[in-house]
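Some notes on the structure that comes next.
The values are calculated or read from the model by the stated rules, or taken from the named source; none is laboratory data. Quick caveat: nothing in here was measured; it's all calculated off a predicted structure. FYI the Cβ positions are ideal-geometry reconstructions off the backbone, even for glycines, and counts take in every protein chain you see.
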Amino acid sequence: MSSVNIEELFDEHRYPTGLGLLSTIFYSPIGLILLILRLFIGFHALLTACILPKASKFRQSVLRTMCSVLGIFVAQTDEQNRDEEANVLVANYTSTLDHLALDLILPNVLPSVWDLPSMLMWLLGYTNMGAKQGRETLIRNAKNHCRTSSLPILAFPEGASTNGKKGLLKFSVWPFSLNRPIQPVLIQIRRPSFVKISPSVIGGRWWIDVFWFLFVPYTVFHIRFLRSVQLNEETEEEFTVRIQQLMARELGVQPTVHTSVDKVEYMKRKLISQEPQVERQPQEGSGSSEIDQMCRQVLEVLPHVPANVVKRDLAMTKDVDLTITHLLEGNVEFTPLEGSIGASPAHSPSPSSSPPPNKNVVAAKFGKNYKDRQLSFEERKKALIESARLRYIEKHGIAEV
């Protein structure tokens, strides 16, 4: 197996870069008009697909005509390799509409692996074969379908879409456990070079993929049938690996050991690593400036305290008054800055003869206007300076000048 990294299997960005992005921007007005028109046509195409019999040639002709108006074209090669006895089709998974493209040239049944309402499952063309009840139930129902119906079963053994450029995900074993001939089908997607929008991206929603299908001028699905393959003297797991290697070789990519579960885990890691960066950057910037502003207010009251000590306490309290209280009461240890004592007033009452400074310097009421609030702050500032000076002199046993 190849050592292709899992991030190489998926497109991270849907839009092109450079000149490709510029041409896409110029095309956007036309694309929006096409999108609106195609939404109405697509609704009628969906009704046609649901009403007409699935195996009807008339249904195929009508749907291919309507899909061409939607910008969805299908080109098939090596159709002579189509084996009517092979009623299990396995295809690589490149986009949300892969099953529709294949259904336009070869009506089939796609087992649903999602727990969808019956009406929605019918509209999307899925068939409930009990995948949610477990692998054994799915295989039993699929075998029963192969015995009783002429419509082949379509399976995407990768279990998740890739960009089709580097490799194939590891195949699930269940389609190769039906004891039926397997018809490998290769699907490749091409879009015009001037609107090089990726059919699917990591973490993208299916309905967004459909939106871009209707937006671009056209999308061509190249479908190629390989010769049918049967299980020989080998295990089902070995048979699965053989088919994966065959399809990868014909596509010009590498078979990998990465699974659809690995894709989900990779997507989770990617989202976790990206979202905090996007969210934190503006918060960190605004938080830092706010801390600096509060630090300046504290230093105006307590100029002998180092700025880093003030910021460290503000980071926890987020409150100027509370940080000042911590510093005054000695709850925060620090080394006073030199020259800060001399900044105190030269004449002041003796600490031994004066009453303890009043700690309650919070304004009795909030000022109604800016001048009142500024006056309140100045009064508190003076009281705090005096309180800090007296506490500092008392704590260090400095004699009054």
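Just a few scattered comments:
- Of note, Ala55 does not satisfy the criterion of being in a helix (DSSP H, G or I) and touching a Leu at 6+ places or on another chain (Cβ under 8 Å).
- The range 143-184 - residue that is among the polar types (S, T, N, Q) and crowded, with 19+ Cβ neighbours inside 10 Å and, of those, farthest from Thr240 (Cα to Cα): Asn163
- Scope the range 1-12; condition in contact (Cβ under 8 Å) with a residue 12 or more places away in the chain, of a type outside the set (Ser, Thr, Tyr) and either surrounded by fewer than 11 Cβ atoms within 10 Å (Cβ to Cβ) or farther than 18 Å from Gly204 by Cβ (or both); matching residues: Met1, Val4
- Verdict on Phe171 being under 21 Å from Phe239 (Cα atoms), assigned by TED's automatic domain parsing to the domain that holds Glu238, among the aromatic types (Phe, Trp, Tyr) and part of a loop (DSSP other than H, G, I, E, B): yes
- Candidate set: the range 16-55, residues that are without any contact (Cβ under 8 Å) to a residue 40 or more places away in the chain and of a type in the set (S, T, N, Q); chosen: the one surrounded by the most Cβ atoms within 10 Å (Cβ to Cβ): Thr48
- When the range 67-104 is filtered for residues that are more than 33 Å from the chain's Cα centre (by Cα) and either without any contact (Cβ under 8 Å) to a residue 24 or more places away in the chain or not in a loop (DSSP other than H, G, I, E, B) (or both), the ones remaining, listed by number, are Gln76, Thr77, Glu79, Gln80, Asn81, Glu84, Val88.
- Qualifying residue in the range 185-205 (condition: assigned by TED's automatic domain parsing to the domain that holds Ile25, within 28 Å of the chain's Cα centre (by Cα), surrounded by fewer than 15 Cβ atoms within 10 Å (Cβ to Cβ) and polar (S, T, N, Q)): yes
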